[in-house]
Amino acid sequence: MQPALIICDTDTDFFYAAKESFFDLPVSVCCCNVQKVPPGSFDCLVHAGNNIVMPMGGFDKFMESWLGDDYYPRIKHEMEARGIGETLPVGGSLIIPNENHTTNNGPRWIAFTPAFPNRPDTAERAMTGLLQAITEHNQTQEPIRTVVCTGLGTYTGNQHFRVVAQQMAAVYRQFLSTSDTEAPPPLPAALTHFLNNSVSGSSSSSSSSSSSSCGHPDNT
């Protein structure tokens, strides 16, 4: 199954770049804090982290405060169980269950996807690894149907937001064109309502939006 993809980021510039880059794809783009997305309305949140799996940036620390102090140790444990070693390179992605999703109002799954350290093709490699991890997950476990993803590697001083959006869209476009699985499912009603009432919209629409006071924490 191809999961439905929602690009959700607090950076206004990235939001407009993503709408432009994903214009021909069945993707929704939203400029907001991911924690504002209705609980239970999506299956998986992508955490664009770093390869040493440590809370270095604002979004890393936000994830730890949201999901609990054991969040990073659980990722490390999964890496150890898979024989990955001390670092998870850009291009890798781990699907981690959020065992407390009913109490922390988070999604059932977290896709920890390194997007640092930065290289010219960081977003491309990270997006490729993410989609591969979700595909493998869906072959053996309850499928991930909806994915909320921030910009992959738009940290301060790294790739330009437009380059990131273009690389992510190119990988997703290629993924859809070569996948022989069924099309993404319709979005849940609560998620559709949220997207229709926020600074968002289908990337294939031509509607214009005014600048948004996108909320913190910084998703990028």
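The values are calculated or read from the model by the stated rules, or taken from the named source; none is laboratory data. Every value quoted in this text rests on a predicted model; they were computed, and no experiment measured them. Cβ: placed from backbone, ideal geometry, glycine included. Neighbour counts: every protein chain shown. We work out accessible area using only protein heavy atoms, side chains counted, and drop any ligands, DNA or RNA first. Shrake-Rupley method; radii C 1.70, N 1.55, O 1.52, S 1.80 Å.
When we screen 49, 68, 57, 40 for residues that are open to solvent by 10 Å² or more (accessible area, probe 1.4 Å), within 15 Å of residue 113 (Cβ to Cβ) and small (Gly, Ala, Ser), the only hit is 57.
Looking only at segment 119-130, residues that are open to solvent by less than 10 Å² (accessible area, probe 1.4 Å) and either part of a loop (DSSP other than H, G, I, E, B) or free of Cβ contacts under 8 Å to residues at least 60 places away in the same chain (or both) come to 4 in all. Residues of segment 57-74 that are small (Gly, Ala, Ser) and out of contact with any Phe, Trp or Tyr (no Cβ under 7 Å at 6 or more places or on another chain): 58, 65, 68. Out of curiosity, is residue 138 under 26 Å from residue 41 (Cα atoms) and within 17 Å of the chain's Cα centre (by Cα)? Yes. Is there a residue being open to solvent by less than 60 Å² (accessible area, probe 1.4 Å) and closer than 21 Å to residue 160 by Cα anywhere in segment 78-88? Among the residues of segment 78-88, not one is open to solvent by less than 60 Å² (accessible area, probe 1.4 Å) and closer than 21 Å to residue 160 by Cα, which makes the answer no.
When residue 176 is tested against the conditions (1) open to solvent by 40 Å² or more (accessible area, probe 1.4 Å); (2) modelled with pLDDT of 70 or more, the lone failure is (1). Among the residues of segment 98-114, just one is more than 15 Å from residue 34 (Cβ to Cβ) and either open to solvent by less than 40 Å² (accessible area, probe 1.4 Å) or in contact with a Lys or Arg (Cβ under 7 Å, 6 or more places away or on another chain) (or both), namely 114. Taking residues in segment 12-24 that are in contact (Cβ under 8 Å) with a residue 60 or more places away in the chain and within 12 Å of residue 172 (Cβ to Cβ), and partners anywhere that are among the basic types (Lys, Arg) and surrounded by fewer than 18 Cβ atoms within 10 Å (Cβ to Cβ), the pairs with Cβ atoms closer than 8 Å and at least 6 places apart or on different chains are 21/162; 24/173. Pairs meeting the criteria (first residue in segment 136-152 and free of Cβ contacts under 8 Å to residues at least 24 places away in the same chain, second residue buried (at least 18 other Cβ atoms within 10 Å of the Cβ) and of a type in the set (Val, Ile, Thr), beta carbons under 8 Å, at least 6 apart or on different chains) are lacking.
Being within 25 Å of residue 171 (Cα to Cα) and modelled with pLDDT under 95 narrows it down to one residue among 103, 122, 113, 128; which is it?
122
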